[in-house]
Amino acid sequence: MTDTRLILLVEDNEVNRNMLIRRLERAGHAVTTAADGDIALNVMREEHPAVVLMDMNLPVKDGWTACREAKADPAISDIPIIALTAHAMEEDKARALAAGCVDFATKPVDFPALLTVIAAALNAHG
Amino acid sequence: MSTDIDQPVAWAHRILASAEPFLAATARPTVSIEPPTDADVLALKEGLIRVSELLHTPSSDLNHDLLNVIGAIRGYAEMLQEDAALLHPALRQALPALLSSAGSTQTAPSNLVADSAAVAHRNEAGVILAVDDMPENRELISRLLSRAGHTVISAESGEEALELLETRGVDVVLLDLMMPGIGGAEVLRIMKEHEGLRATPVIMISGRQDMDQIITCIQAGADDYLLKPFNPVLLQARISAGIERKRWHDREEDYRHQLERNERFIRRTFGRYLSDDIVEQLLEAPEGLELGGDLREVTIMMSDICGFTSLAEHLPPTQVVSLLNRYFEAMTAIIFAHQGTIDEFLGDAILAVFGAPRRLDNDPERAVRCALAMREAMDAVNAANAAAGLPALSQRIALNTGTVIAGNIGSEQRAKYGCVGHAMNVTSRIEGQTADDEILIAEATRQLLPEGIFRLGEPRAIIAKGIEDSILTYPVLGLH
């Protein structure tokens with residue numbers, strides 16, 4: 001059975017956001033969205049999603065800051081965050097892990113790989 | 001690949017060049033793609049258009065924007081490869097070029113991870129639950145329907161059927177009327193009372209002698225009936241009709257779900273700047289979210305905290321933030337209560353407009369009332385500050401009325417509701433010459449105020465840099 005627990009997708013780019021919503025839902029996931037880091041934190045507190053996919057390059061409050069703030073808030077620090085970054089650079093990967101992300105994927109995303117990463121995050125925090 | 005990511009512009013050009021066969025294939029009248037996949041074709045085309053727009057008029061963050069759209073193109077192309085390529089030879093030939101230029105490794109249709117729902121939808125095959133206490137009937141149904149490509153699961157009692165319905169996604173239920181234990185009529189009643197099962201079509205099965213009970217079941221919500229012994233053709237036809245009904249329902253659900261998600265998204269994104277009723281208005285007319293703006297007359301409010309910069313220098317950063325938050329929280333509530341739209345918070349300044357996105361007859365009057373309420377609220381803000389050991393604040397507010405362009409300004413990816421125009425600059429000049437605790441309104445605003453409501457002070461002419469004529473202003477003293 002597909003895991004239907006809620007995924008929060010944080011992405012400011014509308015075209016890419018719509019594509020990812022469609023693909024995640026098509027794969028059987030339930031998806032909620034936010035367009036910046038500030039809203040993402042609010043949604044995490046209100047809806048407590050099972051996992052967060054967070055673009056790191058966001059307006060208002062970037063993903064790095066939002067991630068650190070989420071990890072500092074005991075109410076939501078348990079929610080696993082998967083970072084979406086534009087470059088497959090080692091330093092970005094290290095930076096994402098340092099900010100408290102459980103994993104990361106580079107954009108444009110390799111979707112089957114992303115599904116695996118999501119499943120792993122959901123299982124680890126099930 | 002790494003060179004592609006370093007060179008998004010070159011990458012984008014290659015994608016556009018490789019998209020020709022796809023565009024030609026989807027333009028053919030013989031290639032008709034069913035929902036929901038047709039929306040993916042459309043989205044993919046829009047992605048291609050967006051790429052060529054970005055190449056023609058580069059955005060400020062071109063590489064980032066291009067990579068995002070390229071990612072979307074790849075995603076939609078992969079979904080089409082999974083859902084539609086097998087059905088349409090033209091697509092099967094056209095997609096690999098596009099997929100490979102978009103950096104996808106998924107270029108062969110055999111490589112698919114299509115979900116069962118998509119496959120089932122293609123053949124209009126479904127999951128059928130056959131409920132009958134007679135094993136030979138279950139076997140017959142299973143054989144007839146499996147041959148047509150359906151997935152058949154069966155239950156030998158009403159109890160078992162209800163259990164299966166809880167855990168499995170079922171498209172149509174074939175339900176025997178006469179069974180020991182929970183009978184067909186009872187299973188039907190329980191299903192119709194269950195929110196998640198209510199929409200699943202039910203076809204009753206019975207002998208000819210039970211016609212009056214069949215009628216009762218149809219009245220209770222059964223969709224159709226079949227008499228034993230089955231006519232195989234009739235069975236197939238009723239099942240197809242049931243599946244069709246279920247698909248319609250699922251699509252409607254999806255659509256409703258999408259609408260709800262969009263609504264939540266708009267609320268979250270715009271709720272910070274707009275009061276609730278204006279968000280409602282945006283939701284009612286989503287075309288209002290399109291980029292571009294319209295010319296309209298608005299009353300503009302600018303306020304700031306007097307001497308905030310030097311105050312901030314003498315306080316630790318955490319205190320500055322709590323001081324500002326307390327102030328903004330109080331002022332935001334007052335502005336929303338007066339149906340104003342907050343355009344921006346800039347440091348210690350608030351920029352708000354009255355009359356956009358929605359124009360009301362009394363925009364200038366509401367703006368002045370709002371300014372008075374904001375001034376009055378400073379006492380409470382300062383009492384709270386004093387209790388927290390923080391210094392007292394005083395604010396100044398300037399109002400002006402004029403024509404501006406109001407709308408979603410920015411790029412498609414990062415738009416925000418706002419106003420631009422000369423009247424905005426004039427307001428800022430007036431604000432620069434407003435005294436502590438003063439509310440200063442421009443002549444343009446004063447002219448639009450109803451008589452006898454506000455007490456105004458002596459007019460004052462302001463000469464501002466970059467503005468030719470002097471601006472006539474009036475301090476607002478209070479209400480009559």
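For the stretch B:20-40, the set of residues classified as exposed (fewer than 14 other Cβ atoms within 10 Å of the Cβ) and in a loop (DSSP other than H, G, I, E, B) consists of B:ARG28, B:PRO29, B:THR30, B:SER32, B:GLU34, B:PRO35, listed by residue number. Taking the conditions (1) surrounded by 16 or more Cβ atoms within 10 Å (Cβ to Cβ); (2) within 14 Å of chain B (Cβ to nearest Cβ) in turn, A:VAL51 satisfies each one other than (2).
Residue count for the stretch B:58-73, restricted to those that are among the acidic types (Asp, Glu) and either facing another protein chain (nearest Cβ under 7 Å) or touching a helix residue (DSSP H, G or I) at 6+ places or on another chain (Cβ under 8 Å) (or both): 1. Condition check for B:GLU186 on (1) farther than 28 Å from B:ARG147 by Cα; (2) modelled with pLDDT of 90 or more; (3) not in a helix (DSSP H, G or I): one failure, at (3). Taking the criterion of being hydrophobic (A, V, I, L, M, F, W, C) and within 11 Å of chain B (Cβ to nearest Cβ), the residues of the stretch A:78-121 that qualify are A:LEU84, A:ALA86, A:ALA88, A:MET89, A:ALA105, A:VAL109, A:PHE111, A:ALA113, A:LEU114, A:LEU115.
Would you mind stating whether A:ILE21 is within 12 Å of another protein chain (Cβ to nearest Cβ) and either over 27 Å from B:TYR76 (Cα atoms) or not aromatic (Phe, Trp, Tyr) (or both)? It is true that A:ILE21 is within 12 Å of another protein chain (Cβ to nearest Cβ) and either over 27 Å from B:TYR76 (Cα atoms) or not aromatic (Phe, Trp, Tyr) (or both). Scanning the stretch B:41-57 for residues that are more than 24 Å from the chain's Cα centre (by Cα) and either in a helix (DSSP H, G or I) or in contact (Cβ under 8 Å) with a residue 40 or more places away in the chain (or both), we see that the one that is farthest from the other protein chains (Cβ to nearest Cβ) is B:HIS56. If the condition is being more than 26 Å from B:THR401 (Cα to Cα) and among the β-branched types (Val, Ile, Thr), then the stretch B:302-356 contributes B:THR309, B:THR318, B:VAL320, B:VAL321.
The values are calculated or read from the model by the stated rules, or taken from the named source; none is laboratory data. Worth saying up front: this structure is predicted, and the values here are computed from it rather than measured. As a convention, Cβ positions derive from the backbone with ideal geometry for all residues, glycine included, and neighbour counts pool all protein chains shown.
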